[in-house]
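Reviewing the structure listed below.
The values are calculated or read from the model by the stated rules, or taken from the named source; none is laboratory data. On a predicted model such as this, the values are computed, not experimentally measured, just so you know. All Cβ positions, even for glycine, are placed from backbone atoms using ideal geometry, and neighbour counts span all protein chains on display. These area figures cover heavy atoms from the full protein model, side chains too; ligands, DNA and RNA do not enter into them. Shrake-Rupley method; radii C 1.70, N 1.55, O 1.52, S 1.80 Å.
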Amino acid sequence: MTQRVELAAVMDRLAIDSLITEYAVTVDDGDWDAYQGLFTPDGRADYSSAGGIDASAAEVAGWLAGTMGLFPMRQHLIVNRRLRFGTLDQDIGDIAQVQADYVNPMRFTAREGESGSNSGASESSAPDFICGGRYAFTTLRTPQGWRLRQVTVQEKWRQVQERSRDHTPT
């Protein structure tokens, strides 16, 4: 490879890494317009392994808006990113496949009489729903930059913590 090609590959890797980070941030922040903007016009997402839907990015954004409302505190951690470039119309680098693991701690909406504060390390701020698994992202180079064409979630595990109504030790 020439230095120019190597530099282009590094720039593409950084752009794709940024795209994956933006994906996590838009979901965590509940910015569903920005979420849709990360996808190609024909982009899709498949959350069926986690009990969700497999649909267009717009339909999934609507579903997520309703579902994620149950979790005012959420924080996707996407790690172990493995990126492989592919070809489209014989032009190397137009498609990239990203496989990445995730851990996603979330907090249910506070019940009546419970603290809703997420500050400090109190029991009320601890996550009560945690899941983990693997994402498969298909990204495509577009005139607007790298975009998501397909996101597939493969949930491998989940843990739900029971919250008692009475926090008094027994």
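Let me confirm something: among Ala100, Ala57, Ala96, Ala45, which residue is in contact (Cβ under 8 Å) with a residue 60 or more places away in the chain and either surrounded by fewer than 16 Cβ atoms within 10 Å (Cβ to Cβ) or more than 16 Å from the chain's Cα centre (by Cα) (or both)?
Testing whether each residue is in contact (Cβ under 8 Å) with a residue 60 or more places away in the chain and either surrounded by fewer than 16 Cβ atoms within 10 Å (Cβ to Cβ) or more than 16 Å from the chain's Cα centre (by Cα) (or both) leaves just Ala96.
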- [ ] Kindly list, by first and then second residue, each pair from a residue in region 16-27 that is touching a residue at least 12 places away in the same chain (Cβ under 8 Å) to a residue that is assigned to a helix (DSSP H, G or I) and open to solvent by 10 Å² or more (accessible area, probe 1.4 Å), limited to pairs with Cβ atoms under 8 Å and residues at least 6 apart or on different chains.
- [x] Glu22/Ala34; Thr26/Trp32; Thr26/Ala34; Val27/Met68
TODO: State whether the residues of region 135-149 include one that is of a type in the set (A, V, I, L, M, F, W, C), surrounded by 11 or more Cβ atoms within 10 Å (Cβ to Cβ) and at pLDDT below 95.
DONE: no
- [ ] Of the numbered conditions (1) farther than 15 Å from Tyr135 by Cα; (2) at pLDDT 95 or above; (3) in a helix (DSSP H, G or I); (4) not basic (Lys, Arg), Ala9 fails exactly one; give the number of that condition.
- [x] (2)
Task: Among (1) touching a Gly at 6+ places or on another chain (Cβ under 8 Å); (2) modelled with pLDDT of 95 or more, the one test that Ala110 misses - done: (2)
TODO: Please enumerate the residues belonging to region 1-28 that are touching a helix residue (DSSP H, G or I) at 6+ places or on another chain (Cβ under 9 Å) and open to solvent by 90 Å² or more (accessible area, probe 1.4 Å).
DONE: Met1
